[in-house]
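Engineer: Provided herewith is a single structure, encoded as structure tokens, for subsequent inquiry.
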Amino acid sequence: MNKNINKIVSLGLVLSVLTLSGCVLFKDKSGAVDIVKIEKVKTVIESSVTVVVARVVKKNKDTAPYFSAAASVFCKMKETKQFSPEYLVDALNVATTGLITNQDVNDSKTLIVALYKITMSDKGRSDVSEDIFLTSLVDVLCNSIREGVKQGTS
């Protein structure tokens, strides 16, 4: 894997764990919704996923269809309300069958799935309903991947 992509993947996972630990995305000690923390989580996901996808696609434009298909999986999850990690992995495998892949694509997929699992594991502690929480999460991932493809192909 490209050293820069490896660093971004590692940084994205570390930032996600640090940002998501300690009730991030949830009410603060006073019980008020902490909008700053909510935005931090969104920023971590958007920036890490968008950058990784853009770099992989820029390096090899033939990988763009793979990521477009992956984005569609997250968009479909929003519509179908199928949020389990098992569904995600199975749907990604089906949607991307036969598309160009390489080690960078596989590592990017690992990052995206890990970010999803880490973030969705806190769904029960959210101050919004589980459905709203997970719908928002898959929407951010769908849009972040699409933006990465857009940046990588421009």
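Engineer: Pick out, from region 1-116, the helices (runs of 4 or more DSSP H) lying fully within it that include 1 or more residues that are modelled with pLDDT of 90 or more. Explain how you work it out, then say what you get.
Structural biologist: Working: elements: 3-20, 35-59, 64-80, 85-95.
Result: 35-59, 64-80, 85-95.
Engineer: Tell me yes or no: at least one residue of region 81-92 is basic (K, R) and out of contact with any Ser or Thr (no Cβ under 8 Å at 6 or more places or on another chain).
Structural biologist: Scanning region 81-92 turns up no residue that is basic (K, R) and out of contact with any Ser or Thr (no Cβ under 8 Å at 6 or more places or on another chain).
Engineer: Name the pairs: first residue in region 67-85 and closer than 16 Å to T101 by Cβ, second residue of a type in the set (V, I, T) and outside any helix (DSSP H, G or I), Cβ to Cβ under 6 Å, at least 6 apart or on different chains?
Structural biologist: A69/T96
Engineer: Could you say whether any residue in region 131-145 is closer than 20 Å to Y66 by Cα, at pLDDT 90 or above, over 13 Å from the mean Cα position of the chain (by Cα) and assigned to a helix (DSSP H, G or I)?
Structural biologist: No, the conditions are met nowhere in region 131-145.
Engineer: What's the total number of residues in region 75-97 that are of a type in the set (G, A, S) and over 23 Å from T63 (Cα atoms)? Step through it out loud before you land on a result.
Structural biologist: Keep residues of region 75-97 that are of a type in the set (G, A, S), which gives 84, 91, 95.
Filter once more, keeping what is over 23 Å from T63 (Cα atoms): 84.
Qualifying residue count, region 75-97: 1.
The values are calculated or read from the model by the stated rules, or taken from the named source; none is laboratory data. Just so we're clear, the structure is a prediction, and the values are computed from it rather than from any experiment. Every residue, glycine as well, gets a Cβ built from its backbone with ideal geometry; the counts of neighbours run over all protein chains shown.
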